[in-house]
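Q: Structure incoming, see below.
The values are calculated or read from the model by the stated rules, or taken from the named source; none is laboratory data. Values in this document were obtained by computation on a predicted structure and should not be read as measured data. Positions of Cβ are backbone-derived with ideal geometry, glycine not excepted, and every protein chain shown enters the neighbour counts. For the accessible areas, the whole protein counts, side chains as well, though only heavy atoms, and no ligand, DNA or RNA atoms are used. Shrake-Rupley method; radii C 1.70, N 1.55, O 1.52, S 1.80 Å.
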Amino acid sequence: FNNAVLESDNDWTKLKAALVENFDKNFEKAVNEVGMELLSPNNRLTYNLFKNIIKTCSIPSFIKIIEDNMLTVVGSEVDFIVDFEQIGKFNAKVDMVLQNPEGKYVIMDFKWTDVKDKKREEEIEKNMEMQLALYAQAVRQHFGKGDDSSVEAIGYFMLRQGVFITEYQGLTKSTKVKVVKKKRTDSI
């Protein structure tokens with residue numbers, strides 16, 4: 001994803017082409033940069049499975065979510081440092097920051113988990129998604145000048161399932177977006 005974003009300079013037409021048409025090139029580049037263990041002969045099956053899921057499930061779902069909700073990509077692997085009053089300096093490296101037509105931000109944290117894994121969904125339900133809460137506050141400070149309303153949605157993009165799990169109900173409902181209702185609303 002990050003290589004495609006860098007290649008496209010955040011232009012959606014170019015990004016879509018980079019994700020689909022240049023997938024093999026970008027995948028190989030990413031594996032060589034950060035996933036060398038996938039290249040060992042013992043991991044050939046894992047490599048092929050991973051590549052196939054990203055290509056046939058994750059990428060098409062990501063594209064559908066973007067297009068259905070008219071989102072624009074602000075950046076991938078967005079790295080910045082913010083200063084929180086309670087904890088001090090925090091280095092955020094957000095997997096994907098998007099923006100809706102109203103200028104509000106959508107934060108995606110990519111997760112690779114088992115298809116049956118319900119942990120991330122439960123984190124949102126129980127209001128325990130600390131990483132997402134910190135990312136949201138970091139994006140508010142960095143992009144939204146601290147305004148609480150500047151972040152529209154936070155959630156986990158489950159790569160294996162091709163589903164964005166969020167509590168936000170404003171995204172176009174489809175099989176690619178799963179809305180989870182919080183059972184607890186106390187602040188993290």
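Q: May I ask you to say which residue of VAL74, VAL78, VAL82, VAL97 is assigned to a strand (DSSP E or B) and farther than 19 Å from VAL5 by Cα? So that I can check it myself, show each step before the final result.
A: Working: VAL74 fails: farther than 19 Å from VAL5 by Cα; VAL78 fails: farther than 19 Å from VAL5 by Cα; VAL97 fails: farther than 19 Å from VAL5 by Cα.
Result: VAL82 is the single residue among VAL74, VAL78, VAL82, VAL97 that is assigned to a strand (DSSP E or B) and farther than 19 Å from VAL5 by Cα.
Q: Still on this model: Those residues that are in contact with a helix residue (DSSP H, G or I) (Cβ under 6 Å, 6 or more places away or on another chain) and open to solvent by less than 40 Å² (accessible area, probe 1.4 Å), I need them from region 132-173; list them, please.
A: Keep residues of region 132-173 that are in contact with a helix residue (DSSP H, G or I) (Cβ under 6 Å, 6 or more places away or on another chain), which gives 140, 144, 146, 150-151, 154, 156, 159-160, 162, 164-165, 167, 172.
Scanning region 132-173 gives GLY144, GLY146, SER150, VAL151, ILE154, TYR156, LEU159, GLY162, PHE164, ILE165.
Q: When you go through (1) outside any helix (DSSP H, G or I); (2) over 18 Å from PHE1 (Cβ atoms); (3) charged (D, E, K, R) one by one for GLU123, which number turns out not to apply?
A: Exception for GLU123: condition (1).
Q: Specify which of the listed residues (PHE110, PHE62) is in contact (Cβ under 8 Å) with a residue 24 or more places away in the chain, in contact with a helix residue (DSSP H, G or I) (Cβ under 9 Å, 6 or more places away or on another chain), aromatic (Phe, Trp, Tyr) and assigned to a strand (DSSP E or B). Before you say what the answer is, go through the steps one by one.
A: Details: PHE62 fails: assigned to a strand (DSSP E or B).
Every option except PHE110 fails the conditions.
Q: Go through (1) more than 16 Å from the chain's Cα centre (by Cα); (2) surrounded by fewer than 17 Cβ atoms within 10 Å (Cβ to Cβ) one by one and return the number of the condition GLU125 breaks.
A: (2)
Q: Among the residues of region 53-66, is there at least one that is farther than 22 Å from VAL177 by Cα, open to solvent by less than 90 Å² (accessible area, probe 1.4 Å) and either aromatic (Phe, Trp, Tyr) or in contact with a Lys or Arg (Cβ under 6 Å, 6 or more places away or on another chain) (or both)? Spell out how you get there, then give the answer.
A: Start the filter on region 53-66 by keeping residues that are farther than 22 Å from VAL177 by Cα, which leaves none.
No - not one qualifying residue is present in region 53-66.
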